[in-house]
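The values are calculated or read from the model by the stated rules, or taken from the named source; none is laboratory data. Only a predicted model underlies this, so the values are computations on that prediction, with no experimental measurement involved. Because the Cβ atoms are built from the backbone with ideal geometry, glycine has one as well, and the counts that use them run over all protein chains shown.
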Amino acid sequence: MILAGIRPVAGVDGTVPAVNDPRHWSAHLPDGAPGGFDLPRPGTLVGAWTAALSVESDRHLLWGPVDGGPHRWVSRGEFLDRTGRLAGRLAGAGLMAGERVLLSGPSTVDLAVAHVACLRLGLVVVPTNGSYRDAELAHVISDCAPRAALVDHDGWADLLSGLDPDLLVTSVIDPFPDGLVDGLSDGLPAGLMDGSRPDDPAIIGYTSGTTGRPKGAVLTQVNLLAGAQSVLVAWRWTEADRLVLCLPLFHMHGLGVGLHGTLLAGASAVLQPGFAPDGVLDALDEHDATMFFGVPTMYHRLAEHDRVDRLGGLRLCVAGSAPLAADLHGRLADRAGVSVLERYGMTETVMLVSNPFDGDRRPGAVGIPLPGVDVRLADGSEGEGGPAGPVGEILVRGPNVFAGYWDRPDATAEAFVDDPDGGVPWFRTGDLGAVDNDGYLSIVGRAKELIISGGFNVYPREVDDALGLHPAVAEVAVAGVASPEWGEEVVAWIVVADGYDCPEADELRAFAREHLASYKLPRRVVAVDALPRNALGKVTRHELRLPD
Ligand code: MCA
Ligand code: AMP
């Protein structure tokens, strides 16, 4: 069965529009304005940014640490100037459009400048989690072969040079201080800057998709532009907005939505290198913020704070990256008077579905496809109708959907299904959804093996492999267990090797820390006699249970 996962808005003649009819998106438009608008507006991300930031140069743009020093405001004009000069320096170091650059550091103005400078030169940014360990970094480097790395973490320069002696490793704060090629250090000749075309790759985001080892999702200039434009429209994001942004800048939530949206709207953002409830609530007051975006774990902690009512003074609070429990939505409404707007995104698609700005922000549902985005459930979706409708894999297409996985034509082919009517193929999200009678999508499960802990994705097989190296572990399988704070917690079920005692969680964490970023480490360990397996011998993770 094919289901249009979209609001069945009746047309003027009373008919329900076809799958990709723009009238479906009218739920996101101001005053339900009729469809027919163009998204994405033609162009590139860098072109749209420079256009937005070239006027009123003195307006505040980003607050945060600058030049490795104290926090201050950087204006639109200073930001364009800094990114232009840095793009020149990167060119002076011999970097050329299309080459990959690994970028990693705390969320500072310097990191934002480095990101945008790379994009203005046409480099492909590989945003990287600073808690990655050797093996995780080695995989990224061997997969996308970056030419340079701009990094700001202790020990990373040596680590990266050890992994690839040809990699040009430099800092985020003052990259290539001496330049490697003379003549370009003060800026680029006209024509070399902002010259990307809409379909040029801009970012490679590592994610496991539905299966296997992390793959590099290649997002083009126009994918990222479309991803930011749709939420600007849907969330009424304007230059008057000020966002408190404490999400990391190595994932689509903080980067592709928080930072890119701010630059595109010509709005402003207060960057916070890390999340602390006090820090967020103080910043809302100190900087007259209008918006906050966070993962559910952040809202869970904010909801416990005695100043949580301050959130109610904001124009908009957005949650995503993991399910926002209906109960938490209710607590925030009661304690802060805020109706958090939940939306659904993926690395491969930026944002695809959102609750409406105007109208019902429904707890437990992710909402209606964003302007320009088509969503449907896969053929063969099962179950009866009723409030939650049949359940099937969520499929998506639109200008926001990525170009494919880096150097993985096989994985790219597997990730898309043909359109039954011969149209543009659909990307398989690996998420299971159901659509309400009035068109709201809910995520009801996952077809992919994935644990989402505090908004970070953890791939069970990667953790199994690392824990399996411990001598006391004969067999192991990890799975996610519901947690009020983290959404899901990583738990390891272990068959203990002969002659050993079952290791404590702390011991296993200390052991595996060498191989895995720490958010992937198990928080609990359960000893079992055998792992549940199917007839083919494959571990059936959904049958793993905590002891009573
Ligand atoms: C930190 N730790 C975690 C997590 N975060 N453990 C499990 N799950 C986590 N998410 C561990 C650390 O490794 C450390 O362990 C200990 O907790 C304390 O670390 P700390 O940095 O102090 O943690 P925190 O500041 O409390 O971090 C919680 C957090 C953070 C702020 C919720 O996890 C976070 O920023 N999450 C957001 C992730 C995100 O942006 N996701 C978007 C991806 P130890 O002490 O043992 O070392 S999804 C996406 O982009 C799509 C497009 C979408 O839809 O948005
Ligand atoms: P990533 O690949 O890191 O971008 O993670 C994307 C995944 O996060 C999606 O496929 C979903 O499983 C999950 N996700 C994002 N937003 C939500 C949400 N609002 N509710 C439930 N799951 C979500």
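Using the structure shown, decide if G258 is of a type outside the set (A, V, I, L, M, F, W, C), free of Cβ contacts under 8 Å to residues at least 60 places away in the same chain and within 16 Å of ligand 2 (Cβ to nearest atom). Spelling it out, G258 is indeed of a type outside the set (A, V, I, L, M, F, W, C), free of Cβ contacts under 8 Å to residues at least 60 places away in the same chain and within 16 Å of ligand 2 (Cβ to nearest atom). The single condition from (1) surrounded by fewer than 23 Cβ atoms within 10 Å (Cβ to Cβ); (2) more than 20 Å from the chain's Cα centre (by Cα); (3) farther than 30 Å from E56 by Cα that L302 fails is (1). Between A265, A269, A289, the distinction of being more than 16 Å from ligand 2 (Cβ to nearest atom), free of Cβ contacts under 8 Å to residues at least 60 places away in the same chain and over 17 Å from the mean Cα position of the chain (by Cα) belongs to A289 only. If the condition is being more than 14 Å from the chain's Cα centre (by Cα), assigned to a helix (DSSP H, G or I) and buried (at least 24 other Cβ atoms within 10 Å of the Cβ), then segment 232-262 contributes A234, T262. Among the strands (runs of 3 or more DSSP E) confined to segment 111-172, the ones with at least 2 residues that are over 24 Å from C246 (Cβ atoms) and not hydroxyl-bearing (S, T, Y) are located at 148-151, 168-171. Being among the hydrophobic types (A, V, I, L, M, F, W, C) and touching a Leu at 6+ places or on another chain (Cβ under 8 Å) is the filter; apply it to segment 181-221 and report the residue that is modelled with the lowest pLDDT. My answer is L188. Of everything in segment 500-522, what is over 16 Å from G468 (Cα atoms) and away from ligand 2 (no atom under 16 Å from the Cβ)? Give them in sequence order. Answer for segment 500-522, where residues must be over 16 Å from G468 (Cα atoms) and away from ligand 2 (no atom under 16 Å from the Cβ): just S518.
Can you tell me which residue in segment 116-132 is farthest from L271 (Cα to Cα), limited to those that are surrounded by fewer than 24 Cβ atoms within 10 Å (Cβ to Cβ) and small (G, A, S)? Going through the qualifying residues, I end up with S131.
Pairs are defined by a Cβ separation below 7 Å, a sequence spacing of at least 6 or placement on different chains, a first member in segment 534-547 that is surrounded by 10 or more Cβ atoms within 10 Å (Cβ to Cβ), and a second member that is assigned to a loop (DSSP other than H, G, I, E, B) and modelled with pLDDT of 95 or more; the pairs so defined are V539/L531; V539/P532; T540/P532; E543/P532; L544/P532. Checking each residue in segment 450-477 for being within 16 Å of ligand 1 (Cβ to nearest atom) and not in a strand (DSSP E or B) picks out L450, G454, G455, Y459, P460, E462, V463, A466, L467. Sub-8 Å Cβ pairs linking a first residue in segment 308-322 that is without any contact (Cβ under 8 Å) to a residue 12 or more places away in the chain to a second residue that is assigned to a loop (DSSP other than H, G, I, E, B) and within 9 Å of ligand 1 (Cβ to nearest atom), at least 6 apart or interchain, number zero. The residues on offer are E514, E485, and the sole one that is touching an Asp or Glu at 6+ places or on another chain (Cβ under 9 Å) and among the acidic types (D, E) is E514.
Scanning segment 374-409 for residues that are at pLDDT below 95 and on the phi > 0 side of the Ramachandran plot, we see that the one that is nearest to the chain's Cα centre (by Cα) is G398. Residues in segment 341-367 that are more than 10 Å from ligand 2 (Cβ to nearest atom) and closer than 19 Å to R331 by Cβ: L341, D360, R361, R362, P363.
The C-beta contact set for segment 60-72 (first residue touching a residue at least 60 places away in the same chain (Cβ under 8 Å), second residue part of a loop (DSSP other than H, G, I, E, B), distance under 6 angstrom, 6+ apart or interchain) comprises G64/T108; P65/T108; G68/I173. Working carefully through the options V481, V525, find the one that is hydrophobic (A, V, I, L, M, F, W, C) and within 28 Å of S381 (Cα to Cα). On inspection, the qualifying residue turns out to be V481. Selection of segment 80-115 for residues being without any contact (Cβ under 8 Å) to a residue 60 or more places away in the chain and surrounded by fewer than 22 Cβ atoms within 10 Å (Cβ to Cβ) yields L80, D81, R82, M96, E99.
Filtered by the rule that a residue be part of a helix (DSSP H, G or I) and not acidic (D, E), segment 263-289 gives L263, L264, A265, P277, G279, V280, L281, A283, L284. Checking every residue in segment 281-290 against the condition of being surrounded by fewer than 22 Cβ atoms within 10 Å (Cβ to Cβ), of a type in the set (S, T, Y) and at pLDDT 95 or above gives at least one match.
Of everything in segment 297-347 that is polar (S, T, N, Q) and assigned to a loop (DSSP other than H, G, I, E, B), the residue that is farthest from ligand 1 (Cβ to nearest atom) is S339. For beta carbons closer than 6 Å, sequence separation of 6+ or different chains, a first residue in segment 339-363 that is farther than 20 Å from P127 by Cβ and a second that is more than 9 Å from ligand 2 (Cβ to nearest atom) and charged (D, E, K, R), the qualifying pairs are S339/R361; L341/R361; N355/R361; F357/R236.
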